[in-house]
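Here's the structure we're looking at; comments come further down.
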Amino acid sequence: MAKRTAVIDLGSNSMRMAIFERTSRWAFFILGEYKMKVRLGEGGYSNGSIISESSMQKAFNAFCEFKSIAKGYKCNKIFCVGTSALRDAPNSKELIAKVFKELGINIKVINGTDEATYGAIAAKTLLTPIKNAVTIDIGGGSTELALIKDGAIEDAVSLDIGTVRLKELFGDKEQSKSAKFIEQIVANIPKNFKSENLIAIGGSLRAISSAIMSKNSYPINTIHGFCYQLEANKNFIESIANSTIDELENFAIKKDRFDTIREGASIFLAIAKQIGAKSIHTSGVGVREGVFLSDFLRKSSKNSLANSIASLPKGLNISLKSLQDRFCLSSNKSVTRYAKDIYETLLPLHKLDGKYKSELLDASRIYNIGVDIGFYSDHISSAFMVLNGLNFGFTHEQKTLIANIIATNGKKVAYEYEKYKNLLPKQDIIRWLSFILALARLLNVSKAEAKLAFELKNHTLYISGAKQLNMAKEEIKKLSKPDTFAISFI
């Protein structure tokens, strides 16, 4: 099993590399990400798609640097895929041969449907499960769409329209012709590509999501998993599409996106309208992660790409397992068991009826990641690591709640509630969940894995099997209970 793998994606505009590290059979994290603008498609869309000498040299230089970085990370594998610009260019074999001969890197040119499928594999595996959706990945030379139906990738299509292609064909002064061209291309989207859920992949769409987050003073800065309603933000996106270069300064968009973000916004709005999209789900993962997953989770090389990926074991989350693998040096299975039993026993008091139970149990599994690496204010450190590391498979609301349960640490007031309140349930709910985790933690203070039992009777929580836990008893007396009830040890 390769511990570290590098995946390079050579597109029409940029060349990117991600370094993946496996932490166990079913878990990994992204160790590093790198990007260089090589503009492989520059000048080609108005010149027979030929890659210019200067663009070819930029790409080769980038490969040299990327290989050096991958070597520094001691990557056991390097995968590389080329997309639209290499598909279209009649002289692409020159670059492919040179890179293989001089650097030993094999560039696999993938067709448009495989490119769309790789992006869909990454999105459906690493986002919170969305049963029905269409993925959209706007690149420099092409735009890929994949249809997800009942949780499976059903269809994929590639459109010959991208940000660099559009810019070179029409520039800034032929907006009416550009709009007509977009309309003609979008009309080719198959009729079955209809969905209220649109999963946005790729740099242009992430930049738009980031601008919306900035406009709305969004409390966390993670792009992956950010969701918004198209209708509420349509005018804002149209403003980006219709702005001048100078006006883009007002949209919290990075300068390296200025030259193509308007084209990306125009393509996005046209496709979103065509498929009937309402909810936009931002994916921080795409082709690179899809290529990695096709190796990481491959069950058979005989199946089609969409059906070659094995499912994760039920109940396993890649990010949570990776945090456990790296930072949970001591077992907390007893804490999880106690938290589950206390939650169920106190149900008549908190009345959550099963809601937020999964977030509580996930918090119990990783509450100690700050403890085991020796940080002061370990619960705050653990919460920070959750907010920044618990990305795959969780909504922003879920991971914010998990972090807040840990950070509140049984206190009366939820940690930084005002900052995150738009993503969180009411404070009373957080108090209950945090109290349950804090109580479970204290009952495990000796790490003895005692067989405890819990019973609620006459507004008293009876804990049997804990008579010898004297230190825990003293600390439990200091806990701030979210309701009036007693705790008795028998």
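The values are calculated or read from the model by the stated rules, or taken from the named source; none is laboratory data. Just so it is clear, the structure is predicted and the values come from calculations on it, not from any experiment. Backbone-built Cβ (ideal geometry, glycine too); neighbour counts: all protein chains shown. Heavy atoms of the whole protein, side chains included, go into the accessibility calculation; ligands, DNA and RNA do not. Shrake-Rupley method; radii C 1.70, N 1.55, O 1.52, S 1.80 Å.
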Inset, instruction - Mind checking the full-extension length gain between ASP325 and LYS478? Use 0.36 nm per residue of separation minus the Cα-Cα distance, one decimal, nm. - result: 51.9 nm
Legend entry - Accessible carbon and sulfur surface of region 318-489 relative to its total accessible area, %, 1.4 Å: 50
Legend entry - Simple spin-label estimate for ASN388 and ASN106 in nanometres, 7 Å along Cα-Cβ: 3.8
Inset, instruction - Report the chymotrypsin sites (Phe, Trp or Tyr not before Pro) located in region 249-284 that are in a DSSP loop and have at most 12 other Cβ atoms inside 10 Å of their Cβ, or state none. - result: none
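Write down the percent of antiparallel bridges among all DSSP beta bridges whose residues are both part of the chain, to the nearest 5. Kindly include the intermediate steps, with their values, before the conclusion.
Values: 39 of 60 bridges.
Bridges in the chain are about 65 percent antiparallel.
Stokes-Einstein at 20 °C, 1.002 mPa s, Kirkwood radius from Cα pairs: D for the chain in µm² s⁻¹? It would help to have the intermediate numbers written out before the result.
On the way: Rh = 24.6 Å.
In µm²/s, the coefficient rounds to 87.
Can you pull the percent of region 4-109's accessible area that's carbon plus sulfur, 1.4 Å probe, other chains left in place?
Values: 2340 of 4700 Å².
Carbon and sulfur atoms account for 50 percent of the accessible area of region 4-109.
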Inset, instruction - Could you tell me what percent of the DSSP beta bridges with both partners in region 127-272 are antiparallel, to the nearest 5? - result: 75
Legend entry - More than 21 Å apart - percent of Cα-Cα pairs taken over region 1-89: 35
Legend entry - Dipole of the chain, positive direction: furthest Cα of SER294, SER434, ALA18, with charges on the beta-carbon: SER434
Legend entry - Solvent-accessible area per residue, Å², over the chain with all protein chains present [probe radius 1.4 Å]: 45
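What pairs in LYS58/LYS255; LYS149/LYS321; LYS355/LYS411 have C-alpha atoms more than 24 Å from each other? Mind showing how you got there, number by number?
Numbers: LYS58/LYS255 20 Å; LYS149/LYS321 27 Å; LYS355/LYS411 21 Å.
Correct reply: LYS149/LYS321.
Taking R0 as 45 Å, what FRET efficiency do you get between ALA252 and LYS299 from their Cβ-Cβ distance, rounded to the nearest 0.05?
Efficiency computed from Cβ-Cβ geometry: 0.60.
To the nearest 0.05, how large is the calculated FRET efficiency for GLU238 and THR395 if R₀ is 35 Å and r is the Cβ-Cβ distance?
Numbers: r = 27 Å, r/R0 = 0.78.
Rounded to the nearest 0.05, the efficiency is 0.80.
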Legend entry - Accessible area in the full protein assembly, largest first, 1.4 Å probe, for PHE435, PHE170: PHE170, PHE435
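Under a Cβ-Cβ cut-off of 15 Å, what is the net charge of the residues other than THR400 that fall near it, where Lys and Arg count +1 and Asp and Glu count -1?
Details: positive: LYS399, LYS419, LYS421, LYS426; negative: GLU359, ASP362, GLU397, GLU416, GLU418.
Residues close to THR400 contribute a combined charge of -1.
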Legend entry - Cα→Cβ-extended label distance, 7 Å offset, between VAL445 and SER54, nm: 7.0
Inset, instruction - Please give the residues of region 317-355, grouped as numeric ranges, whose backbone N is less than 14 Å from a label point set 7 Å along the Cα-to-Cβ vector of PHE485. - result: 339-354
